[in-house]
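Engineer: Okay, here's the structure, questions in a sec.
The values are calculated or read from the model by the stated rules, or taken from the named source; none is laboratory data. Nothing here was measured: the structure is a model prediction, and the numbers come from that model. Positions of Cβ are backbone-derived with ideal geometry, glycine not excepted, and every protein chain shown enters the neighbour counts.
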């Protein structure tokens, strides 16, 4: 089965190239703060992509950069009176904790820090100068966009109406054309000790050049897939692509995948309005990491804006409980049949339509609870499907909170010792918590009401 994906470079849904191993590059976080849920939505889609390819039998080489030198990091260090490395170390740690909490499959991913690629970045900039598409100026080295005819060739990208220039900023003004973007930022007093020696003096790389240098050195033959948020299409991906393709006979990527914006209560996320959420914020409100993963993945198609609400996240918790109850009750009725798996993957492979794929599962769940039919699809199929989803749960003990698990174990012990009064009391206490206990000759089980 060959997945079909929307390619931003052609604005068409296309089948993936027919090959066994896919080289994928994803733009990672700038580690000056916690990742917010908009960032996490994009990262989760990339996780879904990688899990799906591996599920279908493909191999994946995935590289994600870590931007650990940037204006925002320097500014945050100045604000907090901390060394920049302490800031990047701290928020890199939080980033990886978020990935672990959200159950990312990291077995095929290599994380590369921008600061570990400074020598390669300097070489890349010098090569661009030698090609006549970059020039040295008073405040930095710039890419000359007019010297590269293919610049900005993403369909639908109208550079005439983009006023801030290709750098996305008016901070650096000593450039020949408005669209030129900075490759190397020369040192300023406010940069402190953040600089590296180069042929153009002390300084540091521009953001676009960091990713271009990493991608050029890790995938010199080109990428199969480049991913990121839609906000990165311009200027970041446009400028990455220009640098890479100036120095290579290959296109940078066969397919460009972009995840659309996330809104909160139909508005742009804002700290001032209280609609800016990190994973830590949501967990502190009592939501589970599983529900966050479920909601961010299934709340909307990746090319459709997701309107995130706390009510929607609460509904995701209830949907997961329904799935948990189904798996718990259905697990004893296992009978091998691959049809669910086939229908699920067929729906998913059409531009990663996760909503259509999940409807196959919920149709099965609803049929079971409405008619108490035991369909032929199996828990083993769902376990395989969960290699893609990463939010289903099959170990009953894990679906209980620590308090519930303690009461359940105490109830089993009371029953085993024939302490019927205590057994009944604990059964009623669990029932008050929404846990129904069932005794049978096979033992004691439970389900969440």
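Engineer: In the stretch 79-119, how many are on the phi < 0 side of the Ramachandran plot, touching a helix residue (DSSP H, G or I) at 6+ places or on another chain (Cβ under 7 Å), surrounded by 14 or more Cβ atoms within 10 Å (Cβ to Cβ) and not in a helix (DSSP H, G or I)?
Structural biologist: So the answer is 6.
Engineer: Which one of these is out of contact with any helix residue (DSSP H, G or I) (no Cβ under 8 Å at 6 or more places or on another chain), under 19 Å from residue 196 (Cα atoms) and not in a helix (DSSP H, G or I): 138, 75?
Structural biologist: Residue meeting the stated conditions: 138.
Engineer: Looking only at the stretch 188-203, which residues are in contact with a helix residue (DSSP H, G or I) (Cβ under 7 Å, 6 or more places away or on another chain) and within 20 Å of residue 66 (Cβ to Cβ)?
Structural biologist: 191, 194, 196
Engineer: Could you tell me which residue of the stretch 424-445 is nearest to the chain's Cα centre (by Cα), considering only residues that are assigned to a strand (DSSP E or B) and at pLDDT 80 or above?
Structural biologist: 435
Engineer: Which ones in the stretch 324-359 are under 29 Å from residue 434 (Cα atoms) and modelled with pLDDT of 90 or more?
Structural biologist: Within the stretch 324-359, 355, 358, 359 qualify.
Engineer: For the stretch 201-221, which residues satisfy the criterion of being crowded, with 18+ Cβ neighbours inside 10 Å and assigned to a loop (DSSP other than H, G, I, E, B)?
Structural biologist: 206, 219
Engineer: Let me ask something additional. If we scan the stretch 228-249, do we find a residue that is over 24 Å from the mean Cα position of the chain (by Cα), assigned by the TED database to the domain that holds residue 70, farther than 16 Å from residue 126 by Cα and assigned to a helix (DSSP H, G or I)?
Structural biologist: No, the stretch 228-249 has no match at all.
Engineer: Quick one: in the stretch 405-443, of everything that is surrounded by 13 or more Cβ atoms within 10 Å (Cβ to Cβ), without any contact (Cβ under 8 Å) to a residue 24 or more places away in the chain and touching a strand residue (DSSP E or B) at 6+ places or on another chain (Cβ under 7 Å), which residue is farthest from residue 322 (Cα to Cα)?
Structural biologist: 427
Engineer: Within the stretch 79-97, does at least one residue satisfy the condition of being without any contact (Cβ under 8 Å) to a residue 60 or more places away in the chain, assigned by the TED database to the domain that holds residue 228 and within 22 Å of residue 391 (Cβ to Cβ)?
Structural biologist: The answer is yes; a qualifying residue exists.
Engineer: Right, something else. What is the residue count in the stretch 1-25 for residues that are assigned to a loop (DSSP other than H, G, I, E, B) and touching a residue at least 40 places away in the same chain (Cβ under 8 Å)?
Structural biologist: 10
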